[in-house]
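Notes for the one structure printed next.
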Amino acid sequence: GQRLSKQEIDQIVWDIVHNKLSAVELTYFVAACYTNAMSIEETILLTKAMVSHGQILKLNKRPVIDKHCIGGVPGNRTTMVVVPIIAAAGYFMPKTSSRSITSPAGTADTMEVLARVSFSIEKMKEIVLKTGGCIVWGGALNLAPADDKIISVERPLEIDAESQLIASIMAKKYSVSSTHILIDIPVGKDAKVKSMFGALKLKKDFEKIGKKLNKHIKVMITNGGMPIGNGIGPALEARDVLWLLKRDSRRPLDLEKKCLSICSNIFGMIGVKNGYKKALEMLESGKAYNKMVQIIRAQGGKETAPEDIKIGGHSCDFFSPEGGKVRDIDNISIARIARVAGAPNDKGAGIYLHRHIGDTVKKKEKLFTIYAESRRELEYAKDVAKASKAFIIRKTGM
């Protein structure tokens with residue numbers, strides 16, 4: 001329960017980066033920070049130590065925009081819509097993203113369906129200066145490398161210490177020289193942040209640390225009570241994103257609404273008036289889609305029709321046992337089913353949601369479809385789905 005000094009934190013981070021700690025010792029450090037949260041001062045010292053032991057992307061541009069979602073909500077693929085909107089409007093957004101820790105897909109897993117995500121910092125800079133944005137895997141860059149080693153321990157333990165979470169996010173943002181950072185904190189019983197009290201505390205901590213690091217921080221507290229979008233899993237989410245950017249009638253409107261709200265807040269931070277309207281204009285004009293294609297090509301991919309994205313060849317539909325309204329969708333169950341089906345390692349695996357909370361359903365109407373790349377994994381996922389209460393239906397008139 002005692003506090004670490006700057007010297008001690010610097011030494012720990014140096015030891016992590018130079019592989020001086022055994023896997024057991026590193027696990028002890030991560031677990032200790034999870035059970036005994038670091039103070040604000042320690043978190044700032046950890047952030048600065050992480051940055052000092054890695055490379056920094058220097059663009060010599062201003063503003064440089066970044067965003068991060070705390071996570072815990074399946075399908076929340078806002079980055080892949082927000083980056084092309086902001087870049088299409090003429091601003092710089094060098095986005096490093098993570099792979100999945102506990103979810104069916106991280107942004108890097110989904111972007112990898114469309115383009116390469118592993119680059120050197122020199123190549124990342126070239127892509128950003130050419131297109132205005134990028135969506136790359138942070139783990140392939142030498143940006144705050146201690147953070148990547150800490151994440152490798154957190155992943156199998158399925159833990160996310162708050163102090164390390166803040167330090168991890170701020171170190172990566174600091175490393176890409178971002179000046180304006182939007183933090184999305186989804187709140188819900190199954191999200192990483194369970195209560196409004198917890199969200200407000202986290203918001204306050206981010207704002208304090210941002211101020212000390214001389215960064216403009218804006219925190220959005222959003223609804224994390226249900227999955228966002230229809231596809232859950234890399235290929236299904238990539239298809240959703242392209243449908244949205246192409247203005248297809250099959251696009252998920254809840255994801256679109258959230259992306260527009262994020263962009264509106266970002267534009268407000270940098271002094272752009274009528275931000276929501278500006279973001280919508282980027283979508284409606286096709287500029288955001290064209291920018292995404294430019295980014296995909298710059299990252300070694302090619303323009304792909306959403307319908308051509310390969311989805312798992314084995315599938316099973318689940319139907320409503322009765323008529324009524326969808327009262328609840330359990331994020332944890334949805335994520336577990338998608339992961340058992342093979343996501344994120346099998347890009348085509350996952351779940352497609354046909355209904356959302358508040359929707360009216362008839363008896364035997366389709367609720368969701370599981371996709372897998374092998375028959376065996378589909379059978380496992382079906383068993384998990386049958387045993388879980390992924391959808392709660394309230395009978396009409398009750």
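The values are calculated or read from the model by the stated rules, or taken from the named source; none is laboratory data. All figures in this text were calculated on a predicted structure; none of them were measured in a lab. Because the Cβ atoms are built from the backbone with ideal geometry, glycine has one as well, and the counts that use them run over all protein chains shown. What goes into the accessible areas is simple: the full protein's heavy atoms, side chains included, and nothing from ligands, DNA or RNA. Shrake-Rupley method; radii C 1.70, N 1.55, O 1.52, S 1.80 Å.
The figures follow:
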| read-out | value |
| --- | --- |
| As computed over region 1-130, the Cα convex hull volume per residue (Å³) | 155 |
| For region 214-269, the fraction of alpha-carbon pairs in successive 5 Å shells from zero, as % | 4, 17, 23, 21, 17, 11, 6, 1, 0 |
| Surface accessible to a 1.4 Å probe, per residue, for the residues of the chain, Å² | 43 |
| Normalised alpha carbon radius of gyration of the chain [divisor 2.2 N^0.38 Å] | 0.97 |
| Sulfur and carbon atoms: percent of accessible area, the chain [1.4 Å] | 50 |
| Selected from Cys33, Cys134, Cys259 as most flexible by GNM, with the chain as the system and alpha-carbon contacts under 10 Å | Cys33 |
| Efficiency of FRET from Cβ geometry, Lys389 and Lys130, R₀ 45 Å, rounded to 0.05 | 0.40 |
| Distance from region 3-31 to region 195-269 (C-alpha centre basis), Å | 32 |
| Stokes-Einstein diffusion coefficient of region 47-196, Kirkwood radius over Cα pairs, 4 °C, 1.567 mPa s, in µm²/s | 83 |
| Residue-count net charge about Ser175 - beta-carbon cut-off 13 Å; Lys, Arg +1, Asp, Glu -1 | +4 |
| Angle in degrees between helix 145-157 and the longest Cα principal axis of the chain, rounded to the nearest 10 | 40 |
| Cβ-derived FRET efficiency at R0 41 Å, Arg247 paired with Lys204, nearest 0.05 | 0.60 |
| Computed Rg/Rh of region 180-232, alpha carbon atoms with Kirkwood Rh | 1.06 |
| Stokes-Einstein translational diffusion, region 101-141 - Kirkwood Rh over all Cα pairs, 1.002 mPa s, 20 °C, in µm²/s | 198 |
| Highest-fluctuation residue, Ser168, Ser388, Ser178 considered, GNM on the chain with Cα pairs under 10 Å | Ser388 |
| Residue among Asp308, Asp148, Asp184 with the largest mean-square fluctuation in a Gaussian network model of the chain, springs linking Cα atoms under 10 Å | Asp308 |
| Projected area, mean over directions - region 324-389, Cα convex hull, nm² | 4.3 |
| Taking region 183-224 and dividing mean pair separation by its residue count, relative contact order in percent (alpha carbons under 8 Å, at least six apart) | 55 |
| Helix 234-245 axis, angle to the chain major axis (alpha carbon atoms, nearest 10°) | 90 |
